[in-house]
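What follows is a set of notes on a single structure, which appears directly below.
The values are calculated or read from the model by the stated rules, or taken from the named source; none is laboratory data. Worth saying up front: this structure is predicted, and the values here are computed from it rather than measured. Note: ideal-geometry Cβ built from the backbone for every residue, glycine included; neighbour counts use all protein chains shown.
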Amino acid sequence: MASNLDGDRLLAVFEALRATHGPQDWWPAQTPFEVMVGAVLTQNTSWTNVEHGLKNLATLGALTAPAILALPEPELADRLRPVGYFNVKARRLRAFCAAYLAHGGLEGLSRLATPELRHRLLAIQGVGPETADDILLYAFDRPVFVVDAYTRRLLSRLGELDGNEGYETIRQGLETALGRDVALFNEYHALIVRHAKEVCRTRPRCGVCCLAELCAGRQG
DNA sequence: TACCAGGAGAAAA
DNA sequence: TTTTCTCATGGT
């Protein structure tokens, strides 16, 4: 079902979200590398927790790959304690930094075509589809739609999914339906997260169902 | 107090 | 191959 998503309907949802929340200007980071670090740290964790961890690293002057790798893993884990899953994430962040440098850093990775870059990101221990796509979209400006739990819930509520689609099926379905538009994908994912956090959380068991209601209202 | 959060990988079935 | 379990702190 996800291979035949309704692009016009999805654009109507986007317009409704943008009218409600305005531009989001994601990702909240100073550099592409900081986007990548944040993408790893935010796995199954609220952004406020991630901010504490990023602040700890910044205080140490450790927001570069060499600086992170220079920290012993136990110390890195201790700095990441506010993030949650700190032992796991210390290991994953070090693996990411090692791969980042091995591939020539930002310059080396930027030279790769999107499919190859995605393949190499997914080969890093601790980088799954969503994290890789966060990095591709927000650090490298590649036209990749980030499919998170909110996106799945929204599409399900809209009746665009039957619930059995895998990550790749949904991602490719969205990219086909919406066209490969970096600016659109950037704002759309940010708006879904913003709406889910600010609006849906105030409505018990809402999920992102009110997005569907919002869209239905716009369409009449 | 209980639940959830911008997942991923390993282990078990 | 698919499902279940583990990782863990901070905010509401």
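Is the range A:68-80 home to any residue that is under 15 Å from A:THR131 (Cα atoms), among the aliphatic types (A, V, I, L, M), surrounded by 18 or more Cβ atoms within 10 Å (Cβ to Cβ) and within 14 Å of DNA strand B (Cβ to nearest atom)? No, because not a single residue in the range A:68-80 is under 15 Å from A:THR131 (Cα atoms), among the aliphatic types (A, V, I, L, M), surrounded by 18 or more Cβ atoms within 10 Å (Cβ to Cβ) and within 14 Å of DNA strand B (Cβ to nearest atom). Residues considered: A:ALA183, A:ALA99, A:ALA95, A:ALA149. Of these, the only one that is within 13 Å of DNA strand B (Cβ to nearest atom), within 28 Å of A:ASP8 (Cα to Cα) and among the aliphatic types (A, V, I, L, M) is A:ALA149.
Among the residues of the range A:34-66, just one is within 12 Å of DNA strand B (Cβ to nearest atom), small (Gly, Ala, Ser) and under 18 Å from A:ALA123 (Cα atoms), namely A:ALA39.
Outside the structural domain of A:LYS197 (by TED's automatic domain parsing) and farther than 30 Å from A:GLY166 by Cβ: is that true of A:ALA95 in this structure? Against the criterion (outside the structural domain of A:LYS197 (by TED's automatic domain parsing) and farther than 30 Å from A:GLY166 by Cβ), A:ALA95 does not qualify. Any residue in the range A:105-112 that is more than 22 Å from A:GLU187 (Cβ to Cβ) and crowded, with 20+ Cβ neighbours inside 10 Å? Within the range A:105-112, one or more residues are more than 22 Å from A:GLU187 (Cβ to Cβ) and crowded, with 20+ Cβ neighbours inside 10 Å. Of note, A:CYS215 satisfies the criterion of being more than 15 Å from DNA strand C (Cβ to nearest atom), more than 19 Å from the chain's Cα centre (by Cα) and modelled with pLDDT under 85. Among the residues of the range A:144-171, those identified as under 13 Å from the mean Cα position of the chain (by Cα) and either part of a loop (DSSP other than H, G, I, E, B) or among the aliphatic types (A, V, I, L, M) (or both) are A:VAL144, A:PHE145, A:VAL146, A:VAL147, A:ASP148, A:ALA149. Among residues of the range A:97-143 being hydrophobic (A, V, I, L, M, F, W, C) and more than 21 Å from A:ARG171 (Cβ to Cβ), the one that is farthest from the chain's Cα centre (by Cα) is A:ALA102. On the stretch given as the range A:83-141, residues that are β-branched (Val, Ile, Thr), out of contact with any His (no Cβ under 8 Å at 6 or more places or on another chain) and part of a helix (DSSP H, G or I) total 4.
All of A:LEU174, A:LEU178 fail the test of being over 16 Å from the mean Cα position of the chain (by Cα) and at pLDDT 95 or above, apart from A:LEU178.
Within the range A:146-169, can one find any residue that is of a type in the set (Phe, Trp, Tyr), buried (at least 19 other Cβ atoms within 10 Å of the Cβ) and modelled with pLDDT of 95 or more?
no
Residues that are within 16 Å of DNA strand C (Cβ to nearest atom) and either within 16 Å of the chain's Cα centre (by Cα) or at pLDDT 95 or above (or both) do occur in the range A:18-35.
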